[in-house]
């Protein structure tokens with residue numbers, strides 16, 4: 001009897017053994033693609049985050065400079081250099097009040113308090129409490145106690161209020177002693193103004209007699225509250241921190257906390273890295289405090305990756321802020337490295353999970369996703385690199401609704417915030433520096449970049465408009481003037497606001513004098529037209545500003561961006577009529 005054929009055992013196992021390596025290869029390939037995406041994405045995110053952090057540190061530095069620099073003009077307005085100073089102020093009180101009122105009108109925030117003391121022990125000070133209200137503090141004899149008066153205008157007669165019970169001698173104050181021994185402006189250390197419960201910095205300058213001897217010292221107080229408010233409002237990650245710190249660890253400003261706090265005994269004390277109870281601020285200060293003891297330049301932000309036992313990796317950008325007169329601060333932006341890569345971690349887990357669970361389907365889907373992500377990542381990387389090289393108008397061609405799309409959107413939004421004047425919509429000073437740097441950079445093999453013309457535009461009657469019709473109408477006028485200039489120019493020309501009522505226009509590819517004069521004439525005529533957006537004007541009232549315009553041509557007049565700006569500014573001033581100088 002013949003035995004029927006038996007099925008060959010292990011046939012299905014053989015097929016499975018052939019399939020399993022293929023499945024494993026697919027899973028490995030998918031995981032490798034996921035890791036490659038993670039590596040590419042994490043590097044891009046790190047580069048982009050570092051760029052944004054550098055811009056934020058630079059932005060803090062610009063705000064600090066603008067906040068403190070105005071005090072120089074305030075002191076000069078109160079006591080102009082070279083103007084004779086009387087040794088006895090008692091016979092010149094009204095004229096001094098007028099000068100102090102004018103000085104405190106320049107930059108009411110933060111320079112609302114200007115004062116003067118002389119070697120005879122006399123003192124006069126004006127504290128602006130409201131636009132039309134000031135408090136005069138006066139002593140005309142060294143033995144007198146200071147008297148307080150109410151002042152309601154630049155020429156108003158002071159009205160007596162009261163006299164201090166304690167004796168105030170300006171010659172014994174730190175600002176007087178420091179300035180008396182210095183040939184230039186001095187800054188006092190930061191201190192607490194207990195009456196205002198605020199951090200304050202005093203800038204002072206000595207005043208000499210016609211014979212070159214010390215006659216007195218003029219000073220102005222600068223509140224630092226606005227700096228703390230600005231730093232507190234910077235947009236960072238959930239665990240990120242921005243702060244300004246002194247060499248001893250005392251904080252000028254910091255994210256999420258005041259710069260002054262009450263001790264248990266009820267006394268006010270400055271916030272510092274040590275008592276902030278913020279592990280990130282404490283860790284970063286411990287790592288960077290040696291910067292204060294080096295000669296590191298303070299012309300640009302620097303970045304670093306710090307290692308901390310508790311917080312692990314911390315990415316920081318910092319900028320040293322020193323003025324050679326005693327002020328030495330560091331502005332820091334710090335973000336835990338894990339915050340930067342949170343979105344990348346989520347994507348890595350998603351890609352890995354799809355690779356393990358879906359296998360062959362995941363290969364197909366993952367490949368397509370990787371291709372799209374890789375393209376968008378490369379596009380975003382190129383955009384970041386070109387923006388870092390100064391090409392701030394580089395388009396970001398990423399259309400996604402995931403974290404990378406959000407990252408591209410946030411980068412675009414932050415770039416717009418960093419490089420756009422919020423009032424007028426024109427490019428700001430930082431954007432102008434980047435644009436000029438790019439335009440004056442020759443291509444390889446060329447001696448000069450393509451020619452262009454820079455116009456410096458200064459509005460002639462803006463301050464009278466501001467004084468008469470108010471700051472809100474001043475803001476409307478600036479926005480309207482900017483729109484008029486932009487409507488006259490080509491799409492690739494640039495309108496930038498330097499600050500106040502000063503603008504810069506860049507005419508790309510234009511160097512022909514006849515063409516330049518035609519553009520200048522159009523701008524001049526457009527700005528002579530009555531303003532139409534002002535509000536609250538009486539019927540029939542016509543308000544105009546007009547402008548003075550200067551020019552400089554690259555590379556004919558200069559090859560350096562700063563020199564080009566200076567030459568255009570000088571040309572503008574030559575063209576400004578005597579009545580508006």
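General remarks:
- Using the Cβ-Cβ distance between residue 247 and residue 490 with R0 set to 45 Å, the FRET efficiency from 1/(1 + (r/R0)^6) comes to roughly 0.35.
- Label-to-label distance, nm, for residues given as residue 566 and residue 463 (7 Å Cα→Cβ offset): 2.4
- Computed E for residue 322/residue 539 - FRET, C-beta separation, R0 60 angstrom, nearest 0.05: 0.65
- The slack in the chain from residue 262 to residue 274, taken as 0.36 nm per residue of separation less the alpha-carbon distance, amounts to 2.8 nm.
- Using equal-weight Cα scatterers in the Debye expression, the normalised intensity of segment 46-87 in log10 at q = 0.14, 0.24, 0.32 Å⁻¹ is -0.53, -0.80, -0.99.
- At an R0 of 25 angstrom, the distance between the Cβ atoms of residue 172 and residue 150 translates into a FRET efficiency of 0.40.
- Gyration tensor verdict on segment 166-211 (Cα atoms; rounded if a/c is under 1.5, prolate if a/b is larger than b/c, oblate otherwise): oblate
- From most to least packed by mean Cβ count within 10 Å, the peptides 213-226, 85-98 give 213-226, 85-98.
- Shape call, segment 79-223: gyration tensor on alpha carbons, a/c limit 1.5: rounded
- Length gained when the stretch residue 209-residue 108 is fully extended (0.36 nm per residue, less Cα-Cα span): 33.5 nm
- If the chain linking residue 287 and residue 229 were pulled fully straight, counting 0.36 nm for each residue of separation and taking away their Cα-Cα distance, it would gain 18.3 nm.
- Global geometry of segment 429-580, whether rounded, prolate or oblate, following the gyration tensor of its Cα atoms and the 1.5 cut on a/c: prolate
- Listed peptides 150-163, 117-130, 242-255 appear in the order 242-255, 117-130, 150-163 once ranked by packing, highest mean of other Cβ atoms within 10 Å at the front.
- Taking 7 Å steps out from each Cα toward its Cβ at residue 294 and residue 447 produces label points 4.0 nm apart.
No lab work stands behind these numbers, since they all come straight from the coordinates. Keep in mind that this is a model prediction, so the values were computed, not measured. Neighbour counts are summed over all protein chains in view; Cβ atoms, including those assigned to glycine, are modelled from backbone coordinates with ideal geometry.
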